[in-house]
1. In the chain, if the dipole is taken from +1 on Lys/Arg beta carbons and -1 on Asp/Glu beta carbons about the Cα centre, which of LEU28, THR68, LEU151 is farthest to the positive end?
2. What are the residues whose amide H is under 5 Å from the amide H of GLY50, where those residues sit 5 or more places off or on another chain and H is modelled from the backbone?
3. Taking 7 Å along the Cα-to-C-beta vector as the label spot, tell me the ARG112-VAL83 distance in nanometres, rounded to one decimal.
4. Quick check on the exposure proxy: order VAL89, VAL120 from fewest to most C-beta atoms within 10 angstrom.
5. Given the options ARG132, ARG112, ARG78, which has the most mean-square fluctuation in a GNM of the chain, springs set between C-alpha atoms less than 10 angstrom apart?
6. Against the longest principal axis of the chain, how steep is helix 133-151, in degrees 0 to 90 to the nearest 10, with axes from Cα atoms?
7. From a point 7 Å beyond the Cα of ASP129 in the direction of its Cβ, which residues of the range 94-110 have a backbone N at a distance under 20 Å?
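Values in this text are rule-based calculations from the coordinates and carry no lab data. Nothing here was measured: the structure is a model prediction, and the numbers come from that model. Every residue, glycine as well, gets a Cβ built from its backbone with ideal geometry; the counts of neighbours run over all protein chains shown.
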Amino acid sequence: MGRTDRASLLIHADKSDVFTALTSRDALVAWLPPKGMQARFERFDMRQGGSYRLVLTYDDASRAPGKTSTDSDVSHVRIVQLVPGERVVQEVDFESDDPAFQGTMRMEWTLRSTEDGTDVEVVARNVPDGIRPREHAEGITSSLANLSAHLEP
């Protein structure tokens, strides 16, 4: 482990609206799953020191076998830091028997106001070796595009 992946996107929405979408259970289920996946929470406590358990299910498992089962990725997420309107920091552990997916990944979502909206930057640190760089980039980019579609008129 030790790889860092990052992506960013300008969202044409106010920082407070973007922050709400990053921390709302209903909003996260709507935009967080990358293309080809569905999400559900089995537990959700979005507060600093809180946590959630997220299950992502593949629409077609034959193209991308899951980390936890053939058709799913399950992650346990701890909320390390919440700075309203500014930042969400999470520690993510994947439920997997494969050592390539084990270890704690740190996801940092940072919001910056711009003239045209909010720049959303995602930095994933200590990405497990089993997560291929290209697939991770595609997944993060897809989630950011979903966030944009969720918030922009």
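1. Highest projection toward the positive end goes to THR68.
2. Hits under the 5 Å cutoff: ILE79.
3. Those two pseudo-labels are separated by 1.3 nm.
4. VAL89, VAL120
5. Per the Cα network of the chain with a 10 Å cutoff, ARG132 tops the list.
6. Compared with the principal axis, the helix lies near 40 degrees.
7. 94-106
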